[in-house]
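Chemist: Dropping the structure in here first, questions after.
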Amino acid sequence: MAATPPIFDSAFFRSALGRFATGVTVITAEHPGNAGNEPVGLTISSFNSVSLDPPLVLWSLSRKASALPYFLHAERYVIHVLAASQLHLAKRFASGPQSGRFNDVALARAPGGTLMLADNDTAAWFECHNLTHHEAGDHVVFIGQVESCDRSFSQPLVYHAGDFDLTPSTEPLSDL
Ligand SMILES: Cc1cc2nc3c(=O)[nH]c(=O)nc-3n(C[C@H](O)[C@H](O)[C@H](O)COP(=O)(O)O)c2cc1C
């Protein structure tokens with residue numbers, strides 16, 4: 001049986017979804033440009049775990065995002081879980097032309113060669129093979145198979161009710 005039409009509007013739906021506190025990630029990849037490979041990156045909070053064995057994660061990208069074609073074709077990408085101290089990166093990678101987002105940002109390579117942010121504060125990072133994607137309404141859901149990862153003891157950046165939540169302590173976490 002088909003779903004019944006929603007009895008709420010988009011703004012209310014968005015507001016209700018915003019009650020789910022999330023972390024914040026920046027996802028980076030590369031695409032072929034005129035002068036060699038060019039970096040591409042964006043701020044994403046729709047990240048989540050899917051499977052431990054095999055190690056799978058998911059995230060979703062708006063079909064309106066200019067970076068969509070790059071991520072559809074990328075073989076690999078790196079998902080960086082941001083620390084509270086990396087609020088500037090969350091803002092930097094959420095808007096503006098892709099060309100300016102990497103200005104003065106230190107870069108490195110994950111073990112599999114994928115472009116990533118070189119910042120020891122990053123709470124965790126996951127280098128993913130771009131396993132599959134599924135069109136779902138106005139977003140595309142990406143499933144990544146994690147090939148390498150690492151984590152630090154930085155406090156994570158939290159996003160809640162449409163804003164960054166800076167109340168958590170910035171004291172480092174103890175080992176898990
Ligand atoms: C905290 C935060 C979380 C976001 N999460 C998502 C997300 O999960 N999916 C998405 O498509 N856009 C998300 N965005 C918006 C994208 O970062 C933004 O649309 C993107 O950087 C546009 O870049 P592009 O047009 O160059 O692709 C988020 C923005 C912020 C500030």
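Every read-out reported here was derived from the displayed coordinates using simple, explicitly stated rules and does not represent laboratory data. Fair warning: this is a prediction, and the values are worked out from it, not measured in the lab.
Chemist: Amide H of L107 versus every other amide H placed in the peptide plane: which residues, excluding those fewer than 5 positions away on the same chain, fall under 5 Å?
Modeler: Amide H neighbours of L107: A118.
Chemist: Can you compute 3J(HN,Hα) from phi for each residue in the stretch 90-101, using the Karplus curve 6.51 cos²θ - 1.76 cosθ + 1.60 with θ = phi - 60°, rounded to whole Hz and x for Gly and Pro?
Modeler: 4, 6, 4, 8, 9, 7, x, x, 3, 4, x, 5
Chemist: Calculate the translational D of the stretch 21-160 in whole µm² s⁻¹ from Stokes-Einstein, where the hydrodynamic radius comes from the Kirkwood formula applied to all Cα pairs, the temperature is 20 °C and the viscosity 1.002 mPa s.
Modeler: Values: Rh = 15.0 Å.
In µm²/s, the coefficient rounds to 143.
Chemist: Could you give each residue of the stretch 128-137 its phi-based ³J(HN,Hα) in whole Hz, using Karplus coefficients 6.51, -1.76, 1.60 with θ = phi - 60°, and x for Gly or Pro?
Modeler: These are the phi-based 3J(HN,Hα) values: 10, 7, 6, 5, 7, 9, 9, 6, 9, x Hz.
Chemist: Also, I was wondering about something else. So, in Å, what gap is there between the alpha-carbon centers of the stretch 96-122 and the stretch 50-85?
Modeler: With the stretch 96-122 and the stretch 50-85 each reduced to a Cα centre, they are spaced 14 Å.
Chemist: Moving on to the next point. Would you compute, from DSSP H runs of 4+ residues alone, the mean residue ellipticity of the chain at 222 nm, taking -39500 (n - 2.57) per run and dividing by the full residue count, rounded to the nearest 500? Can you show the working numbers first?
Modeler: Working: 4 runs with 24 residues, N = 176.
Rounded to the nearest 500, the figure is -3000 deg cm²/dmol.
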